[in-house]
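Notes follow once the structure below has been shown.
The values are calculated or read from the model by the stated rules, or taken from the named source; none is laboratory data. Quick caveat: nothing in here was measured; it's all calculated off a predicted structure. Cβ coordinates were reconstructed from backbone atoms using ideal geometry, including for glycine residues, and neighbour counts include every protein chain displayed. Keep in mind that these areas ignore ligands, DNA and RNA; they rest on the heavy atoms of the full protein, side chains included. Shrake-Rupley method; radii C 1.70, N 1.55, O 1.52, S 1.80 Å.
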Amino acid sequence: MENIILCGMMGCGKTTCANLLGGKLGRQVVDTDDLVVKKAGMSISELFAARGETAMRDLETEVARELSRRSDLIIATGGGLPLREENRQFLRDTGIVVFLRRDPGEIYDTADMSARPLGQQGRDAFLSRFAQREPIYQEFSHIIIHDFSSPEATVAEILTKLEGKL
C-alpha cells in the first residue's frame, strides 16, 4: 500500500497530523527528523551546531532513500527534506504527498521555535524561508491542505482528499 507523506514548514503540524492519521488508518508513523536524530546520535540542534546543515541534509537523504523501500507508512518529513530533488524523488514515487500549507506567520507566532535551529533567526527570516520553500512543497505534493482550525479538522481534510487515491 502506498505511503502517505506529509510535508510543510517546521511547526505546521506534520508530526501531530501523522500520528492522528496513523491511528485512524492503522498505519505505522515515522518522522524523518526522529530517524535523523537516531542516525546522528544527537538532536537536530546539536547536529547543526556540531556538523552543520549539510551533514544534517545528508542524513535526511539517507533516511529518504531507506523509506523509499518501504510501504504502508505515514511519513512526517522534516521541513527542509524536500529541498533536495533526490529526496523528493525517493518519497514522491512511494506514495501520496500532502502539503500542509499553514500560514507561515501563524506558524511562527504559535509554534515553539526554541529547539529549531532555522526557526531562531526571527520572524522575517522564517517568512522568507517559507516563500523560498513554498514552490518546492507545491511541486512535490499531490494534495494541498488548508484547514488548520484544529488537528482533527486538518486530518479530516486529508482523509477527504485521499479518498479514491489510496
Distance in Å, no decimals, from the C-alpha centre of region 97-151 to the one of region 12-89 is 16
So, for the Cα atoms of region 1-116, Rg and Dmax in Å stand at 13.7, 38
For region 1-62 (alpha-carbon point model, no solvent) the Debye-based log₁₀ I(q)/I(0) at q = 0.13, 0.16, 0.21, 0.24 Å⁻¹ works out to -0.41, -0.60, -0.90, -1.04
For region 1-119, the percent of accessible surface on carbon and sulfur atoms (probe 1.4 angstrom, ligands and nucleic acids excluded) is 46
All alpha-carbon distances of region 91-166, grouped into 10 Å bins from 0, give the whole-percent distribution 17, 41, 34, 8, 0
For the chain, dividing by residue count, accessible area per residue (probe 1.4 Å) in Å² works out to 46
Of the candidates Leu21, Gln138, Thr94, the farthest towards the positive dipole end of the chain (Lys/Arg Cβ +1, Asp/Glu Cβ -1, centred on the Cα centre) is Thr94
With x for Gly and Pro, the residue-by-residue ³J(HN,Hα) of region 28-34, computed from phi through the Karplus equation 6.51 cos²θ - 1.76 cosθ + 1.60 at θ = phi - 60° and given in whole Hz, is 6, 10, 10, 10, 4, 4, 4
